[in-house]
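The structure appears below as structure tokens.
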């Protein structure tokens, strides 16, 4: 491919090729300070290429391709090339990851104890994780949690945080301007701006943590906390996993051990500050 | 060395893979659905840790593929058992069910079965009763086309398991020039312990060669040729070669089988007696290898030519023109 970049994010290495220069320039700026994969060896290949040959120049449109492909994925405008690269990496993980149990979840850690937050899109887990990452927690990831099948530990996957619409302003007030990617207006998911995790999150991306709490946050209602039984937590986590079925017995055992060993709570919250307060309380209770 | 070429070399001679473009090899193998087969070929070798982890994951995934494949076959067996007809598994499912070498790491998409043509209506309604659903609208152009001209029913998909089944009554479309002897395929098939059947070894190779060189556009051809290589190595003997020749002639498929032997020998070093490559063989070889080390398709013109050929094999020009016209009007 004409333009290329390799990125190491947590334990996973990506090779990204592009027919255009601009998406990779934006990606390199966003991931400044991330290590290059050892010996250049990568787990997954992502390709950004024109949908049809002439679409490289004429109304350029970026098709997201790679080792694993969704046949009916819609192409993006070249102005959204950075988003295409991010989606391409997500796709490889969602379709091709078979080493760890993959949970669609955000993870933060303090004192070696990790909180896994999972919920439907719009539940606010990304924003919550981003905010906690600026308030004394280590951000392990805002999109995917990797559960080690043998040890039961969580591994960091600190990708750039994908902030959408209202969350963009919340985080612009918290983090330095040079950690943000360009504002991508009018994408299929609304306005998006990426935020690079802070230096600690990047420096410790090789360091796992023990899960301590499973959280099912839901944005929009008055503050409320409800205990979630093991069976319900298990079922909700199987739905949050992209590779639970493919991992077979090993995936079942890892997930069963997780819900047996760790409490689970569902929380409603009216605004992000309330959720941050609730989580600080949980932490004190867990430590007590 | 291009992605596909390095993939072929790695499959043929895993020991030859030293400091190569591992990324290109992995991408080409994934694109050609050969990552599982390659992972087993590389098992036990000293590899860079990341590459070993990729292959280890692919081998674990292969175990899941096998379980899922055999379960799908079992579901089909239960649905069709009351009919009391022979049900012959084909392609990937057959390799797994019969425990052949070719099944090591073999990916499987759809379930392919062969049944006697006169049983098709009963088979279809039994499958519909057991939870499979039509993908093509009944009575629509595609549906009618399949029933009139194809070697299989319109594909069905299971509503819960989301897996497709192709029910064949022979191994080439009825519009193709060769007329394989479907009754002989079923007659010669071999029963497994659970009552399902697989084609006799020689017929398996004839079918794989027909599928690869007498039908379709060669997409996924490296995997099909790898199947042929594995089958030939497992079954090879003096008697077997004679049987294969006889069966190829019986099914009017001596030419595709000959090409399969020559190209398997050429690309995978299959130890069979095969003639020199023809000029046409070299075009097929180029088409099979048209993929680079980013996993991208190369050779646009060549691919298009084989796409056209695939269609021409299926129907005479006038019929093709009408078919493409109708398809275009349906858009």
Which of the peptides B:149-155, A:63-69 is most tightly packed, and how do the rest follow, going by the mean number of other Cβ atoms within 10 Å of each residue? A:63-69, B:149-155
For the range B:148-210, what D do you get in µm² per second when you plug the Kirkwood radius from alpha-carbon pairs into Stokes-Einstein at 4 °C and 1.567 mPa s? 98
Determine the distance separating the Cα centre of the range A:20-56 from the Cα centre of the range B:166-202; give it in Å without decimals. 47
Anyone know which of B:128, B:301, B:11 comes out most mobile in the 10 Å Cα GNM of chain B? B:301
For chain A: rounded, prolate or oblate by the Cα gyration tensor [a/c cutoff 1.5]: prolate
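When Cβ neighbours within 10 Å are restricted to other protein chains, what is their mean count per residue of peptide A:36-47?
Values: counts 0, 2, 3, 6, 3, 10, 7, 7, 5, 11, 1, 4.
Per-residue shielding by partner chains comes out at 5.
Which FRET efficiency value, to the nearest 0.05, do you get for residue B:194 and residue B:142 by plugging their Cβ-Cβ distance into 1/(1 + (r/R0)^6) with R0 = 41 Å? Spell out each step's value before the answer.
Numbers: r = 33 Å, r/R0 = 0.81.
Efficiency for this residue pair is about 0.80.
If you build the Cα gyration tensor of the range A:112-267 and take the root of 5 times each eigenvalue, what three semi-axes come out, in whole angstrom, biggest first? List each step's numbers first, then the result.
Working: eigenvalues 147, 65, 45 Å².
Square roots of five times the eigenvalues give 27, 18, 15 Å.
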Between B:260, B:19, B:273, which gets the highest mean-square fluctuation from a Gaussian network model of chain B, Cα cutoff 10 Å? B:19
Just to confirm the number: angle between the C-alpha axis of helix A:230-240 and the first principal axis of chain A, 0 to 90 degrees, nearest 10? 10
Assuming R0 = 41 Å, can you tell me the calculated FRET efficiency for the pair residue A:183 and residue A:239, based on Cβ-Cβ distance, to the nearest 0.05? 0.80
How many angstrom separate the Cα center of the range B:45-76 from the Cα center of the range A:126-156? 28
Most mobile of A:58, A:91, A:149 per a Gaussian network model of chain A (Cα springs, under 10 Å)? A:58
Under Stokes-Einstein, with the Kirkwood radius over Cα pairs standing in for Rh, what whole-number D in µm²/s applies to the range B:220-311 at 37 °C and 0.692 mPa s? 229
Which shape class, rounded, prolate or oblate, goes with chain B when its Cα gyration tensor gives a ≥ b ≥ c as root eigenvalues, a/c under 1.5 marks rounded, and past that a/b bigger than b/c marks prolate? rounded
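Under the definition of Cα pairs under 8 Å and six or more residues apart, what whole-number percent is the relative contact order of the range B:129-223? Please list the in-between numbers first.
On the way: 102 pairs, mean separation 16.5, N = 95.
Relative contact order for the range B:129-223 comes out at 17 percent.
With a cut-off of 8 Å between alpha carbons and a minimum separation of six or more residues, what is the relative contact order of the range A:1-99 in percent?
Values: 167 pairs, mean separation 24.6, N = 99.
Relative contact order here is 25 percent.
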Place a point 7 Å from Cα of residue B:52 in the direction of its Cβ. Which residues in the range B:1-33 have their backbone N less than 16 Å from it? B:18-19
Nearest 10, in degrees from 0 to 90: the angle of helix A:81-96 to the longest Cα principal axis of chain A is 60
In whole percent, what relative contact order does chain A give with Cα contacts below 8 Å and a gap of six or more residues? 17
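Between residue B:279 and residue A:249, how high is the FRET efficiency from 1/(1 + (r/R0)^6) when r is the Cβ-Cβ distance and R₀ = 51 Å? Nearest 0.05.
E between residue B:279 and residue A:249, to the nearest 0.05, is 0.45.
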How long, wide and thick is the protein assembly as shown, going by the Cα atoms along their three principal axes, in whole angstroms, largest first? 78, 54, 53
If you count, for every residue in A:15-23, the Cβ atoms of partner chains within 10 Å of its Cβ, what is the mean? 1
Quickly work out the residue A:165-to-residue A:121 label distance, labels modelled 7 Å from Cα along the C-beta direction, and quote it in nm with one decimal. 1.2
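At 1.567 mPa s and 4 °C, plugging the Kirkwood radius over alpha-carbon pairs of the range B:1-110 into Stokes-Einstein gives what diffusion coefficient in µm²/s? All intermediate terms of the calculation are to be shown ahead of the outcome.
On the way: Rh = 15.2 Å.
D = 85 µm²/s.
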Longest principal axis of chain B (C-alpha) makes with the long axis of helix B:120-129 (C-alpha) an angle, in degrees to the nearest 10, of 80
With the crude spin-label approximation of a point 7 Å out along Cα→Cβ, what separation in nm comes out for residue A:288 versus residue A:231? 3.0
So how far apart, in nm, are the two label points at residue B:312 and residue B:159 if each is 7 Å from Cα heading toward Cβ? 4.5
Theoretical ellipticity at 222 nm over chain A - DSSP helices of four or more residues, -39500 (n - 2.57) apiece, nearest 500: -9000 deg cm²/dmol
Sorted largest first, the C-alpha extents of the range A:1-158 along its principal axes in whole angstrom are 53, 35, 30
If you wrap a convex hull around the Cα atoms of the range B:154-258, how much volume per residue is inside, in Å³? 136
Could you tell me the distance between the Cα centroids of the range B:6-33 and the range A:73-112, to the nearest Å? 26
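Every number in this text was worked out from the coordinates using simple rules, so none of it is lab data. Nothing here was measured: the structure is a model prediction, and the numbers come from that model. Quick reminder, even Gly has a Cβ in these numbers, built from the backbone with ideal geometry, and neighbours come from all protein chains shown.
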